[in-house]
Ligand code: CO
């Protein structure tokens, strides 16, 4: 089931999300996130972006793999994700976000991370991530703590975005007036 993606300006994007537990329908959360992400042709989507204040996100690198075969094709859900170690080396990468249509900005983040997360069966995994997967993981994990990528760009660049951001906020207000049919 595809659902609307919450735009910048909504308070949902600033909430600290709650742990997912076995009373949650993780299969449905997973399906909603993946189907919505695929329709939007994005590479990552966090639960608060579809108005679910839960600690879960999905990654799908296939839109990037279509342009560059060197990029590993990966699709998956991360439940209760956390970063348990970071490498000291930082890199700059141009990020976008489905809650910020048409905005792309350079963000500095660690290149490699060690992560822990659960799958849909609540089995815990630990994995070392680098490259695009590491980058998306960090961007999406921020969403679960109410942090957005524009919080991480330099102030001058942020100033230059003011009118674009105000336009998105306006769209977000209109969106608020629509009915959401989330069933979880
Ligand atoms: Co995002």
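Quick rundown of the values:
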item	result
Percentage relative contact order, the chain, counting C-alpha pairs under 8 Å, at least six apart	26 percent
Value at 222 nm in deg cm²/dmol, rounded to 500, when DSSP H runs of n ≥ 4 in the chain each add -39,500 (n - 2.57)	-9500 deg cm²/dmol
Sequence of 17, 97 once ranked by neighbouring C-beta atoms within 10 Å, starting from the fewest	17, 97
Fluctuation leader among 59, 113, 92 - the chain, Gaussian network, Cα springs under 10 angstrom	92
Tensor-based shape of the range 18-102 (alpha-carbon gyration tensor, a/c under 1.5 rounded, otherwise prolate or oblate)	oblate
Whole-Å semi-axes of the range 11-183's equivalent ellipsoid (Cα gyration tensor)	23, 22, 16
Cβ-based exposure ranking for 140, 111, in which fewest neighbours within 10 Å come first	111, 140
Likely footprinting exposure, 134, 30, fewest C-beta neighbours within 10 Å first	30, 134
Added length on full extension, which subtracts the Cα-Cα distance from 0.36 nm per residue, residue 38 to residue 156	39.2 nm
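Only the coordinates and a few stated rules stand behind these numbers; no lab work does. On a predicted model such as this, the values are computed, not experimentally measured, just so you know. Neighbour counts are summed over all protein chains in view; Cβ atoms, including those assigned to glycine, are modelled from backbone coordinates with ideal geometry.
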